[in-house]
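> Sending over a structure as structure tokens; questions will come in a sec.
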Amino acid sequence: MQLLAVPMASSGGGGFTLLLPLILIIGMIWFMSRTQRKQRARQAETVAALTPGTKVITTSGLVGIVEETDEEYVTLEISEGVLVQVVKAAIGRVVPDDDAAGDGPLAEDPIDDADEPTADEKDPVDVPDAGKDKPEGKVQDTPKLPPTHTEN
């Protein structure tokens with residue numbers, strides 16, 4: 001018996017089908033890098049526009065008011081008299097002013113409290129053992145610890 005080698009039928013588009021996934025991967029990388037470039041540019045604009053008195057939130061969640069800026073650092077006042085120096089790149093976003101935030105629907109429609117009873121009209125709440133037999137100035141009982149061992 002004699003074996004003959006017969007060429008298999010080709011689909012004809014072998015080169016293109018191998019190139020298509022490579023083109024898709026390159027396109028995805030280009031699109032992602034373009035998005036990241038836009039985000040970096042937006043961040044750079046935000047940091048460049050920092051002026052004293054601007055309220056900001058850092059990337060770690062620290063909220064403060066800008067006191068001063070220099071080439072690398074921003075000094076934030078996080079509480080009255082408490083200043084913290086952070087790297088400019090740590091500034092996540094600028095908090096909008098209260099004046100701009102007050103223009104929303106909450107500022108236009110104040111809540112009508114006329115229907116709610118005042119503190120004098122409300123019924124007192126009876127809480128068992130609330131303030132009974134406690135020395136003056138003591139707010140809360142000390143917590144009871146669980147047993148450390150059990151007896152058999």
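> How many of the residues in the stretch 45-81 are among the β-branched types (V, I, T) and in contact with a Leu (Cβ under 9 Å, 6 or more places away or on another chain)?
9
> (1) part of a loop (DSSP other than H, G, I, E, B); (2) more than 22 Å from the chain's Cα centre (by Cα): which one isn't true of E67, the others all being true?
Condition not satisfied by E67: (1).
Condition check ((1) of a type in the set (D, E, K, R); (2) assigned to a helix (DSSP H, G or I); (3) at pLDDT below 90; (4) within 27 Å of D97 (Cα to Cα)) across all residues:
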| site | (1), (2), (3), (4) |
| --- | --- |
| S11 | no, no, yes, no |
| T17 | no, yes, yes, no |
| G27 | no, yes, no, no |
| S33 | no, yes, no, no |
| R42 | yes, yes, yes, yes |
| T46 | no, yes, yes, yes |
| G61 | no, no, no, yes |
| T75 | no, no, no, yes |
| L83 | no, no, no, yes |
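> Under 8 Å between Cβ atoms, which residue pairs at least 6 apart in sequence (or on different chains) link something in the stretch 51-68 that is assigned by TED's automatic domain parsing to the domain that holds G92 with a partner that is among the aliphatic types (A, V, I, L, M) and assigned to a loop (DSSP other than H, G, I, E, B)?
Close Cβ pairs satisfying both conditions: K55/V95; V56/L50; V56/V95; I57/V95; V63/V95; V66/L50.
> Only one residue in V66, V82 is farther than 20 Å from R40 by Cα and either of a type in the set (K, R) or surrounded by 12 or more Cβ atoms within 10 Å (Cβ to Cβ) (or both). Which one?
Details: V82 fails: either of a type in the set (K, R) or surrounded by 12 or more Cβ atoms within 10 Å (Cβ to Cβ) (or both).
Step by step, each of V66, V82 is checked, and only V66 is farther than 20 Å from R40 by Cα and either of a type in the set (K, R) or surrounded by 12 or more Cβ atoms within 10 Å (Cβ to Cβ) (or both).
The values are calculated or read from the model by the stated rules, or taken from the named source; none is laboratory data. These figures come from a predicted structure and were not determined experimentally. FYI the Cβ positions are ideal-geometry reconstructions off the backbone, even for glycines, and counts take in every protein chain you see.
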